[in-house]
Amino acid sequence: MRRENTKSNIDFKSIFDSLPDLYLLLDRDFNIVGVSDAYLQATMVSRKQILGKNVFDAFPDNPNDPKATGAKNLYASLLRVLKNKSADTMAIQKYDIQRPADRGGGFEERYWSPINTPVLGADQEVEYIIHRVEDVTEFVHLKKNGSVQLKLMEELRTKAGEMEIEIYQRAQEIQEANKQLEEVNKNLARLDQIKTQFFANVSHELRTPLMLILGPLEMLLAEKKLPSFVQNTLRRIQNNAQILLKHVNDLLNISKLDAGKMILHYANIELVKLIQQTIALFEAQIPERKLTFSMDLPHELQAQIDPDKIQHVLINILSNAIKFTPKNAKVWIRLEQINPEICKLQIADNGPGIPPDLCETIFERFFQVEEPTTRTVGGTGLGLSIAKDFVELHGGSILASNAQNGGAIFTIELPLKAPQNVKVYSSYSQPSLGEKEISTSLAEFRNKVNPIKEAAEEDYYNRPLILVVEDNQEMNHFICKILNTFYRTESAFDGREGLQKSLALHPDLIVSDIMMPHMSGVEMVHAIREHPLLLKTPIIILTAKADDELTARMLEEGAQDYVIKPFSAKEFKARVANLILVKKAEDELDQFVYHASHDLKAPLPAMEHLISWIEEDLGEMLSEQSKKYLLLLRQRASRMSKLLDGLLKYAQSGYVFDKVRTIHTDRLITDIIKKLNPPQTVTFQLEDTLPVLNTCELPLREVFTALLDNSIRHHHRKDGHIIIGTKEKDRFYEFFVADDGPGIEKKYQDRIFQLFQTLQPRDKLETSGVGLSIAKKIVEFQGGKISVESEKNKGSVFRFLWPKDKEIGDAC
């Protein structure tokens, strides 16, 4: 009678042991739990010797080979399998095998081609790893010896089977590519961490003076004796400060989200009541915009959510709807329970809607549908991004679309239950957000009605703009045709017209010929780089001549790439796309600088003027306490303005554009000292070693100004002495600024070059904490380094490397 094979009577162990190829079975801790007979034979060990041992104890590296990396590479591959839950093919490895004593002992040179494959359990986690190898020692020896004898090649083909000659090179390339990819990922993670920390630092530095502005304002507004027009003026100041606060809060939320520090506090909430409370808080804003809310809500709906975060989502989406809808517009809110686990919330308006191709893009950070130069409402472009992050933290989703009759629809799907093993508070009166949060969110368009820009019918005007400067009309038309699929294009037919259109349009990229009438491409690039707003605009040069000297000159003048005619359209588009992507990455910081210098700073002049009006109009009506509050308010506004000026200067400091000229450094330093106007008791000594060099004056002036200003401000002595000198060091000059001030403790010496870092309280020493940061950024941009040597109460010596002579007339 034929016995049926079942899972219970199949001897899988015997099958595995008898496999004809070389296999090890490892557990999650890399212990050997199975081995094929073929593997035992190839490695000259017995099953009893290695079974149960860790693979690296059973097969250590050859201790006599200092270059052995087999164990290290195998460990890295096994870790990748655990992390990625996918097979990992290794390059050919040199992994020597220890011979038994009866075979002479010692290690025998071996080369292997390994692949490690995961075995997933029911929970989709890695339970085992199958380690399969092929012995390719003869193949490697043959390759090393360079033998081409036909007989040996035939023997190799027979033993290797279907293994191709390229396997060695390809496997090596895979390993090298993995190393490069790991390095790139490390760098990206480091840059992302720096950006997140930068946002957090900026937010913290701006919130402190903001609270010192809003605090005195509340005290002033609490004085009932103030005339109504004064209270109205103070409220306008408060409104501008709230605009600043919202932008700063958004930046702080982003930094917490990026750092993974945003924590949800779940509570049992009646979701319908939360929505109704939020809408009620908006009532104060509705009369100004003449908006109408229409709600379709169930009688009640219980949910386990973080009420603060969900109300923040509601505020951001409703604020967005109110911003972009005209007067007499409507906003619809609909809530329904899809199933016992999920609810769906929809918020719709009858505003201009969203361009269809931007329905996903609007959730990206800093993105705004309107162009920054023509936008009708303010903001940092972070509200919808934060809303999306908060919803996804709950395990939900948010989508944007357009209604059939126009207007935008935001659809949120949200789990009604908190994840398992998460603490849920049983009672929660109401979210901590309230009228102040709503007021802050809507402050930027209170008491004014902005015209609404109609949405574009297509995405053409949202594409990057490329200016094509080419005097040959056929070639110009051809280039535009190549690019029109993905970009907007504008044509210019000589260098002069190209310069004019560059200044007028601020394109995302410029493509230019060299030989053109009126103004050549060389002259145009030079003229473009003299305008700060075009300093970072990428330029591709088209040339019909393979002229290395001219190409090098163009790259030195400020072009990023060049293409020789005739060129491949595919290659040309790839070069364009690469530069556009690089510029897009740089624009994230540019957008932040724009908002920091525009949106964050815009309310400050208004506050300054309004304070002056109060002082002039009221005269002696104000109490002494009120006058003190006004003075404090003015000081804090001034402090905020200086912080923002420093931030902007820091962001732009790496892009100081200047021409190389002959600079007498002693004269330059003397002029800087004169403009700093130090106390007469502070003396300066300029050493005779200060050189005359060919360099750019503006960046060098910025560095010396920052260092000298730092030494003067922090000296604290009436008879201070500062020495400035230099010495040659390879291809650099090493300048130094030494003082006999209080010195800097070693633990603070790295911090002083960080943004907003000061060692003295800012109320005691008026400084923004950006001077040394700017100096460091400029020096590093020039290819040098900056450092400090100091001991407490023994003065400080700042040193920086500056490149030696450049060619007169060159750009830098």
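The numbers here are math on the coordinates, done by the rules we state, and not lab data. Worth saying up front: this structure is predicted, and the values here are computed from it rather than measured. Don't worry about glycine lacking a Cβ; one is built from the backbone with ideal geometry, like all the others, and counts go over all protein chains shown.
Descriptive notes on the structure:
- Shape index of segment 14-60: Rg/Rh, with Rg the Cα radius of gyration and Rh the Kirkwood radius from the inverse mean 1/r over Cα pairs, equals 0.93.
- For segment 666-708, a simple Cβ point-charge model (Lys and Arg +1, Asp and Glu -1, everything else neutral) yields a dipole of about 180 debye relative to the Cα centre.
- Computed from point charges on the beta carbon alone (+1 for Lys and Arg, -1 for Asp and Glu), the dipole magnitude for segment 12-165 about its Cα centre is near 260 Debye.
- Tail beyond 27 Å, pair distance distribution of segment 12-165 (Cα, percent): 26 percent
- The calculated P(r) of segment 660-750, using every Cα pair and 10 Å bins from 0, goes 15, 48, 30, 7 in percent.
- Shown is the FRET efficiency for E523 and Y425, computed with R0 = 56 Å from the Cβ-Cβ distance and rounded to the nearest 0.05: 0.20.
- The slack between H531 and Y748, meaning 0.36 nm per residue of separation minus the straight C-alpha distance, is 74.3 nm.
- Ranked by the mean number of other Cβ atoms within 10 Å per residue, highest first, peptides 260-271, 176-187, 620-631, 505-516 order as 505-516, 260-271, 620-631, 176-187.
- Annotation: peptides 312-324, 796-808, ranked by per-residue average of other Cβ atoms within 10 Å with the highest first, follow the order 312-324, 796-808.
- 3J(HN,Hα) from dihedral phi, segment 672-689, Karplus parametrisation 6.51/-1.76/1.60, rounded to Hz, x for glycine, proline: 5, 4, 4, 6, 6, 6, x, x, 5, 7, 8, 9, 10, 10, 9, 6, 5, 6
- Under the criterion of Cα pairs below 8 Å and six or more residues apart, the relative contact order for segment 1-143 equals 21 percent.
- Simple label model, 7 Å out from Cα along Cβ direction - D688 to S623, nm: 6.9 nm
- Spatially near lysine pairs across segment 12-165, Cα under 22 Å, sequence gap of 8 or more or different chains: 17
- Entries of K323/K388; K224/K323; K179/K584; K186/K573; K246/K323 with Cα pairs more than 22 Å apart: K224/K323; K179/K584; K186/K573
- Relative to the globular-protein estimate of 2.2 N^0.38 Å, the Cα radius of gyration of segment 698-753 stands at 1.26.
- Packing, as the average of other Cβ atoms within 10 Å across residues, places the peptides 672-682, 209-219 in the order 209-219, 672-682, highest first.
- Distance between segment 378-412 and segment 667-732 - C-alpha centres, whole angstrom: 54 Å
- Contact order normalised by residue count of segment 1-80, Cα under 8 Å, 6+ apart, percent: 19 percent
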